[in-house]
Amino acid sequence: MTPLERAIRDRIRAEGPISVEAYMEACNGYYYATRDPFGAAGDFTTAPEISQMFGEIVGAALADCWKRSGAPADAIYAELGPGRGTLAGDALRVLRPAGFAGDVHFVETSPVLRDAQALTIADAQWHDAIDDLPEAPLLLVANEFLDALPIRQWIDGAERRVTVAAGGLAFDRDGEILETSPARDAAVAAIAARLVRNGGVALMIDYGHPESAPGDTLQAVRGHGFAPVLANPGEQDLTAHVDFEAVARVAADAGASVTPVLPQGDWLKRLGINARAAALSSGNPARSEDVRAALHRLTATSEMGELFKVIAIHSPQWPAPAGFS
Ligand code: SAH
């Protein structure tokens, strides 16, 4: 039994069954605090870890939007859940030559990942929560951040809970599931309010669906494969698909402007990833097969191109970033 499973069982014995939200929060808090989960030796691989092209395209999109908004000198680069800092490193390699000289701010709760991020971006400033970010125009990115925030599940109007049954953890009910995520809504609302107050743009990239729909999307990944969500609590990555309709609604309710939701593959291609791949290949022919494979993983419908979605939220005073219309 994992150390966290023992703690969860004790908690359920003391308090009664816990919500899926409480379970997910406990599992992911422990999981990210205790490891670097990325890459071949870890549990999963994210887009920025596949290729530098991903972060470079993000950087190009932010640089263009920042320039068209008048290049405010007080703008900052901010990232939610920056992982190893790879995306930030690649994005800033494009943003800096474009003239962006602002500070770098990371919202990250994991001490292990903060250490990893410091190896890539030594002069970043770290925060525990979105509310701790400075009041400044934002060039913000959140890649696979919202999917890690806890969800609630509902069956026939009753909240689904995790309990102890026959020696293991079990759900207290089954049936058609509706998911909500107050934690995600709060994160999106906080970012949107800042964009309205101070200006800026936020790119949110995650796997999910463009329209709200019923369904159980809670999943666990371990060693690059799916695992039962109640197995090995705290030792596997728990995520849920992002409801982008809810993201757009919450942001609009806060007064921010919202772009359409695009499949990641379409967005990357509209922003020129094919040309970037060609340039990388001709600059280093020995790597051209790697570049081709990475391009395929990031953009193909059978890979990340369709399941992953991109939405931009921006200040009504700022132009929409390129690629969405
Ligand atoms: N964006 C990175 C990492 C994605 S994994 C990439 O694309 O590679 C999720 C990231 O969010 C990790 O860095 C994790 O530590 C962080 N995270 C998860 N829950 C968080 C929370 N509640 N507050 C801040 N960071 C969180």
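The values are calculated or read from the model by the stated rules, or taken from the named source; none is laboratory data. Just so you know, these numbers come straight off a predicted model, no measurement behind them. A quick note on method: Cβ atoms are made from the backbone with ideal geometry, for glycine too, and the neighbour counts reach across all protein chains shown. Calculation scope for accessible area: heavy atoms of the full protein, side chains included, ligands and nucleic acids excluded. Shrake-Rupley method; radii C 1.70, N 1.55, O 1.52, S 1.80 Å.
Observations on the model:
- Probe 1.4 Å, protein heavy atoms only - accessible area per residue of the chain in square angstrom: 41
- The calculated P(r) of segment 1-91, using every Cα pair and 5 Å bins from 0, goes 3, 11, 15, 15, 12, 11, 10, 9, 6, 4, 3, 0 in percent.
- Radius of gyration (Cα atoms) of the chain, expressed as a multiple of 2.2 N^0.38 Å: 1.00.
- Largest-first principal axis extents, alpha carbons of segment 262-325, Å: 45, 26, 13
- Order of exposure, largest accessible area first, which applies to Thr259, Thr86, Thr180, Thr301 with probe 1.4 Å: Thr301, Thr180, Thr86, Thr259
- Accessible carbon and sulfur surface of segment 149-294 relative to its total accessible area, %, 1.4 Å: 52
- The residue among Ala251, Ala293, Asn274 whose Cα reaches farthest toward the positive pole of the charge dipole of segment 218-325, with charges on the beta-carbon of Lys, Arg, Asp and Glu, is Asn274.
- Helix 244-253 and the long axis of the chain differ in direction by around 70°, with both axes built from C-alpha atoms.
- Between amide H atoms placed 1.01 Å from N, distances below 5 Å from Ser19 occur with Val162, all of them 5 or more places distant or on a separate chain.
- Of Phe145, Phe100, Phe171, the residue with the greatest mean-square motion in the GNM of the chain, using alpha carbon springs below 10 Å, is Phe171.
- When you work out D = kT/(6 pi eta Rh) for segment 132-192 at 25 °C and 0.890 mPa s, using the Kirkwood radius from C-alpha pairs as Rh and the Stokes-Einstein form, the result is 171 µm²/s.
- Counting DSSP beta bridges with both ends in the chain, the antiparallel % (nearest 5): 60
- Extents of segment 72-113, taken as max minus min of Cα coordinates on every principal axis and listed largest first, are 31, 19, 11 Å.
- Over segment 102-161, volume per residue of the alpha carbon convex hull, in Å³: 135
- Stokes-Einstein D (µm²/s) once Rh is taken as the Kirkwood radius of segment 40-125 over alpha-carbon pairs, at 4 °C in 1.567 mPa s: 97
- Note on segment 201-308: the C-alpha convex hull projects to 9.4 nm² when averaged across all orientations.
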